[in-house]
Amino acid sequence: MDIGLDKLMSSVPETLPLLPVRDLVVFPYMILPLFVGRQKSLSAVDAALSGDRLIFLASQRELTQESPVAADIYEVGTVAMIMRMLKLPDGRVKVLVQGVTRARIKTFLEESPHFAVRLDAVAEPVESPPGLETQALMRTVREQLSQISSYGRTLPGDVLNILDNIEHPGGLADLVASHLDLKVAEAQSILEILEPVERLLRVKEFLSKELELVMVQDRIQTRAKEEMGKSQREYFLREQLRAIQTELGEADTRGEDVADFRRRLLDAVLPESAQKEADKQLRRLETMHPEAAEYSTVFSYLDWLADLPWSKQSDDNLDLDTARKVLDEDHFDLEKIKERILEFLAVCKLKKNMKGPILCFVGPPGVGKTSLGKSIARALGRSFVRISLGGIRDEAEIRGHRRTYVGAMPGRIIQGLKQAESNNPVFMLDELDKLGNDYRGDPSAALLELLDPEQNSLFSDHFINLPFDLSRVLFIVTANVLDPIPSALRDRLEVIRLAGYTADEKLSIARKYLIPRQLEANGLTSAQLKITDSAVQGLINGYTAEAGLRNLEREIGSVCRKVARKFASGAIASVRVTPKMLEKLLGPIRFLPDEDRKNNEVGLVNGLAWTEVGGELLQVEAHVMQGKGQLLLTGHLGEIMKESAQAALSYARAHAEQLSIPADFFERTDVHIHVPAGAIPKDGPSAGVTMATALVSALTGRYVRKDVAMTGEITLRGKVLPIGGLKEKVLAAVQAQITTLIVPERNRKDLEEIPAHLRKKIEFIFVDRIDQVFSAALLEAQ
């Protein structure tokens, strides 16, 4: 410790000029230069130089404060000696100061032209000699500072030597604190601690943090150097490999790949946003080595960008007569769908760049939904793409995988567009009602954007990650039933129903389409094989039971193969298939006609159901027996049909007098309602009138007309509610040779959708109350 400073410490004046300092805290014995530029600060320096060269240095609380007041300055500071002063050309003054001792501001005497304060000098207690704990603490601090220095932290060369010669803990704490990178508030907290050992402990805390920080920093730098060394080594090896490949004539093809991509992307005519992304990825590809991990990912991405039909589209065939001819060539009837396609073509002819509709074909299997999509594409002159949605559970199948995943690919939509090579194909999404979902996402939610004409112009696939315009695509969705399709998705679809075919329609379709197609598929000609109309009717009634045509075509194909085998062996020259030959070719008849309804019976009613495979005749039986008023339901009925049966029984009990049923009849009688074919689950809201009629017939003994079928749901008050799938049920009734059909009054409007030749075969009775059903279906008791 300097003797001159010791004298100054003991004779510090009571009042001194104050110089506020920013960005640092000055400790005793600390020597440092200060640049003084503020007017008050210059005045304070002049006042100190005109006296004994002593000045009080205190830190500002706010570093950005240009004109601090008394409240902005810390109370504890350091009395310093101005050792040198140098005026600078810009008007500032550079002073070299050395801290002398701590002091505390008692009061501010002046604030202009500079701060003048009355001080209370702080004298530190001296422990002579320091105890063992203090010596251990001082040694620890010296070692920590030495370790920090060994990690590359720059310290003045003589600091470590000076540390070894300091024997006072307070002086050691001040010297170390002055060389630490502390914030002003942290350094000020050390300055304000007057007890030396306590101050040294606080310095040790900051030293420990600083030491941990420099150790982590050193590890990071070491790891970075190792990685840099590895990268340099790999670069050197790649350069050697390139030189070897050049000598072997296997030069790097990167330049050729980039040039090829530039040409293909130019031909593709990408939108501006897509072109920017393509240029960015091309620049990345140019700088990558072919052996780099990301090279194949970028290469695959650019390959997809170049192959997508961003601006390629096929020209629509806008000749309505030609389109009608194509549709008639491929499909029998289906007038409503054909009219819708011709309407679309007509609008396209009047308005360019029309958004494609979202059509949904709903019908039983085998009615021609998928083949109709192909015909529409042929009529329009567009490409046809089909993907099956059945069983898809992963949203990425629709939207694609993100490129961060290994083996990532675009979704099936983008893949289909690449396959179509145009941005306006006919795109069929088959089996929408078979869509699934699991923890990987809900594909139906991804279809919401795809099947919305207002949103799909900016469809974004996760792999491509760029908007692609799908508004020109004609989407056709198919389903067997609408119920499994979410309501939000169903709302976006223009639903067109395809019912099944009658026997006459199947005969016409078989003669015009199915038989010629199977003859060609099996290498036969019409001269070699002729199938009579009666034989085709035999196939329809005896070997198939379906709303569509799939099994019928399969049986025709089976007949053709049997005959082709005989031709191949040279046994015959030509064959004419008649009904008598069917059992010899195909075996016994598989579907026998219903022989049970030869007479009118009590408690047996013909009902009609609508399933995903079309309409179906459903017989309901009711029987009464002695018991305790229980209702027995059998036949694998669903909850809705059970509730319908209960509602029918409640109606009968409530109207027992009107129906001529004794009042105590229900207390001593059990009622059993059965729907045959119990292995098949049955449910739906259209069997109420059938169950009620069977129940009342059994309770009253009135016979049910065998030629009558019915459909509809009832309420407890006897109202008959409307049903769906009327056309499919009419087809089932015609096939079962039903002549009278009881239908809810509110379904009268649906009669227009039923072809005229079917309406002629059936008498329709429209009802709105259950008693009207009883009047039409039940005969008077005999």
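Which residue, 235, 758, 146, has the largest displacement toward the positive end of the dipole of the chain when charges sit on each Cβ (Lys, Arg +1; Asp, Glu -1)?
Comparing the listed Cα positions along the dipole, 758 ranks first.
For the range 259-336 and the range 445-473, write down the distance between their C-alpha centroids in whole Å.
15
Measure up 598/642; 40/106; 418/512; 351/727; 598/727 against 32 Å on the Cα-Cα distance and list the ones that go over.
418/512; 351/727
With +1 assigned to the C-beta of every Lys and Arg and -1 to the C-beta of every Asp and Glu, and no other charges, what is the dipole magnitude of the range 54-153 about the Cα centre in debye, to the nearest 20? Before the final figure, lay out each step's value.
Numbers: 12 positive and 12 negative charges, 85 e Å.
For this selection, approximately 400 debye.
If I take every Cα pair under 8 Å that is 6 or more residues apart in the chain, average their sequence separation and divide by the length, what percent do I get for the relative contact order?
7
Using the Kirkwood radius built from alpha carbon pairs, what does the Stokes-Einstein equation give as D for the range 723-780 at 25 °C and 0.890 mPa s, in µm² per second?
In µm²/s, the coefficient rounds to 206.
Could you name the aspartates and glutamates in cross-link range of residue 225, using Cα to Cα under 18 Å and dropping any fewer than eight places away on the same chain?
234
Take the alpha-carbon centre of the range 555-591, take the same for the range 359-387, and report the distance between them in whole Å.
32
Nothing charged except the Cβ atoms of Lys and Arg (+1) and of Asp and Glu (-1): what's the magnitude of the dipole of the range 394-503 about its Cα centre? Round to the nearest 20 debye. Please report the intermediate quantities before stating the final value.
Values: 11 positive and 17 negative charges, 54 e Å.
Charge dipole, the range 394-503, about its Cα centre: 260 debye, nearest 20.
Over the chain, what number does the Rg to Rh ratio reach, with both radii from the alpha-carbon atoms and Rh per Kirkwood?
1.31
Any idea of residue 763's accessible area? Nearest 10 Å², probe 1.4 Å.
Surface open to solvent at residue 763 totals about 100 Å².
Going down the list 325/506; 280/312; 183/209; 369/761; 530/566, which pairs span over 18 Å between their C-alpha atoms?
Numbers: 325/506 21 Å; 280/312 23 Å; 183/209 13 Å; 369/761 27 Å; 530/566 14 Å.
Among 325/506; 280/312; 183/209; 369/761; 530/566, the Cα-Cα distance tops 18 Å for 325/506; 280/312; 369/761.
If you take every residue apart from residue 26 with its C-beta less than 14 Å away from the C-beta of residue 26, what net charge results, scoring Lys and Arg +1 and Asp and Glu -1?
That sum, taken over residues with Cβ under 14 Å, equals -1.
Roughly speaking, to the nearest percent, how much of the chain's 1.4 Å accessible area is carbon and sulfur? Please report the intermediate quantities before stating the final value.
Values: 20020 of 40000 Å².
Within the chain, the accessible surface is 50 percent carbon and sulfur.
Working with all protein chains in place, sort 15, 78 by solvent-accessible area computed with a 1.4 Å probe, largest first.
On the way: 15 70, 78 0 Å².
Of 15, 78, the descending order of accessible area is 15, 78.
Measuring from label point to label point, each 7 Å out along Cα→Cβ, what is the residue 259 to residue 532 span in nm?
Output for this residue pair reads 7.5 nm.
With unit charges on the beta carbon (Lys/Arg positive, Asp/Glu negative), name the residue among 373, 82, 308 whose Cα is farthest towards the positive pole of the charge dipole of the chain.
Farthest along the dipole direction, towards plus: 373.
If each DSSP helix of 4+ residues adds -39,500 (n - 2.57) and the sum is divided by the residues in the chain, what number results at 222 nm, nearest 500 deg cm²/dmol?
Taking each H run of at least 4 residues, the total per residue is -13000 deg cm²/dmol.
Calculate, axis by axis, the spread of Cα positions in the range 477-614 along the three principal axes, and write the results as whole Å, longest axis first.
The Cα atoms of the range 477-614 stretch 60, 47, 20 Å along the principal axes, largest first.
Accessible area of residue 207, 1.4 Å probe, to the nearest 10 Å²?
0
Might you work out the accessible area of residue 204 for me, using a 1.4 Å probe with all protein chains in place, and round it to the nearest 10 Å²?
Counting only protein heavy atoms, the figure is 60 Å².
The values are calculated or read from the model by the stated rules, or taken from the named source; none is laboratory data. These numbers were taken from a predicted model, which means no experiment stands behind them. Neighbour counts are summed over all protein chains in view; Cβ atoms, including those assigned to glycine, are modelled from backbone coordinates with ideal geometry. What goes into the accessible areas is simple: the full protein's heavy atoms, side chains included, and nothing from ligands, DNA or RNA. Shrake-Rupley method; radii C 1.70, N 1.55, O 1.52, S 1.80 Å.
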